[in-house]
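Reading through the structure tokens given below for one structure.
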Amino acid sequence: GAVVSQHPSWVICKSGTSVKIECRSLDFQATTMFWYRQFPKQSLMLMATSNEGSKATYEQGVEKDKFLINHASLTLSTLTVTSAHPEDSSFYICSALSTRMNTEAFFGQGTRLTVV
Amino acid sequence: AQTVTQSQPEMSVQEAETVTLSCTYDTSENNYYLFWYKQPPSRQMILVIRQEAYKQQNATENRFSVNFQKAAKSFSLKISDSQLGDTAMYFCAFMIYNNDMRFGAGTRLTVKP
């Protein structure tokens, strides 16, 4: 159990376009999901916390107008990178807290975004 | 704010030997959770072991065990009988109940044949 599916696993887009990444909890409900960004050979940096039915909470330095987060249901959160630029190229990972057992986060497989 | 420190950017160990990865953290909270995650080249985060701060007994999972020193805010991971498949990045992580998870910088472990 406790599977989180992230889609797509990789995407290439042109500068100026927008890209949507989905994070789904397949077999549990998640009131809270987290979005992380990971640069090569670096750690996971928290971007924002997504709560079902409310606005996301962004970490300092993360542009909320650029990284739009929507958590419309207990099983789905989306991250949209708007007007993407090459510097947005990175590995994005989501994780989800189960409503039943919110003492552990379950991770998606990540999305590699390349902006050309 | 909670911080997690991993002071060993890279480690190596011979196959079948034992290696210990270090992690320290800083928090004013009393109840929290600590984790070690493995990230292989696929970049999927794989939970290795977890520890509840209220438990004094150190967690163990087969070849993996931790040395949890709450007063010293230390949480090291010991890997026994290292295998080639253990080669990966290892991240120490800290979480408060119902809150986000914070990660250390990671330790790149290489198991040599």
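The values are calculated or read from the model by the stated rules, or taken from the named source; none is laboratory data. None of the values given here were measured: they were computed from a predicted structure. Positions of Cβ are generated from backbone atoms using ideal geometry, with glycine treated the same way; all protein chains shown enter the neighbour counts. Note: accessible area is taken over every heavy atom of the protein model, side chains too, but ligands, DNA and RNA are not part of it. Shrake-Rupley method; radii C 1.70, N 1.55, O 1.52, S 1.80 Å.
For this structure, a couple of remarks:
- Flag for residue B:79 being touching a helix residue (DSSP H, G or I) at 6+ places or on another chain (Cβ under 8 Å), surrounded by 16 or more Cβ atoms within 10 Å (Cβ to Cβ) and either within 13 Å of chain A (Cβ to nearest Cβ) or modelled with pLDDT of 95 or more (or both): yes
- Scanning segment B:11-37 for residues that are in contact with a Leu (Cβ under 8 Å, 6 or more places away or on another chain) and farther than 14 Å from residue B:82 by Cα returns B:23, B:25, B:35, B:36, B:37.
- Segment A:31-58 - residue that is in a loop (DSSP other than H, G, I, E, B), at the interface with another protein chain (Cβ under 9 Å from one of its Cβ atoms) and modelled with pLDDT of 90 or more and, of those, farthest from the chain's Cα centre (by Cα): A:42
- Applying the condition of being in a loop (DSSP other than H, G, I, E, B) and surrounded by 12 or more Cβ atoms within 10 Å (Cβ to Cβ) to segment B:47-61 and asking which residue is farthest from the other protein chains (Cβ to nearest Cβ) yields B:58.
- When B:5, B:20 are checked against the criterion of being more than 28 Å from residue A:3 (Cα to Cα), surrounded by 13 or more Cβ atoms within 10 Å (Cβ to Cβ), touching a Lys or Arg at 6+ places or on another chain (Cβ under 7 Å) and of a type outside the set (D, E, K, R), B:20 stands alone in meeting it.
- Qualifying positions in segment A:1-30 - in a strand (DSSP E or B) and open to solvent by less than 70 Å² (accessible area, probe 1.4 Å): A:4, A:5, A:6, A:11, A:13, A:19, A:21, A:22, A:23, A:25
- If the condition is being farther than 25 Å from residue B:4 by Cα and exposed (fewer than 15 other Cβ atoms within 10 Å of the Cβ), then segment A:33-65 contributes A:53, A:54, A:55, A:64, A:65.
- For segment B:82-109, a tally of residues being among the polar types (S, T, N, Q), within 14 Å of chain A (Cβ to nearest Cβ) and open to solvent by less than 60 Å² (accessible area, probe 1.4 Å) returns 1.
- Scanning segment B:27-46 for residues that are assigned to a loop (DSSP other than H, G, I, E, B), within 12 Å of chain A (Cβ to nearest Cβ) and touching a residue at least 60 places away in the same chain (Cβ under 8 Å) returns B:31, B:32.
- When every residue of segment A:98-114 is checked against the conditions, at least one turns out to be in contact (Cβ under 8 Å) with a residue 12 or more places away in the chain, more than 13 Å from every other protein chain (Cβ to nearest Cβ) and open to solvent by 10 Å² or more (accessible area, probe 1.4 Å).
- Checking each residue in segment B:27-56 for being under 16 Å from the mean Cα position of the chain (by Cα) and among the acidic types (Asp, Glu) picks out only B:52.
- Extreme residue, nearest to the chain's Cα centre (by Cα), among residues of segment B:8-26 that are part of a loop (DSSP other than H, G, I, E, B) and within 18 Å of residue A:44 (Cβ to Cβ): B:23
- There is no residue in segment A:68-82 that is surrounded by fewer than 20 Cβ atoms within 10 Å (Cβ to Cβ) and within 12 Å of another protein chain (Cβ to nearest Cβ).
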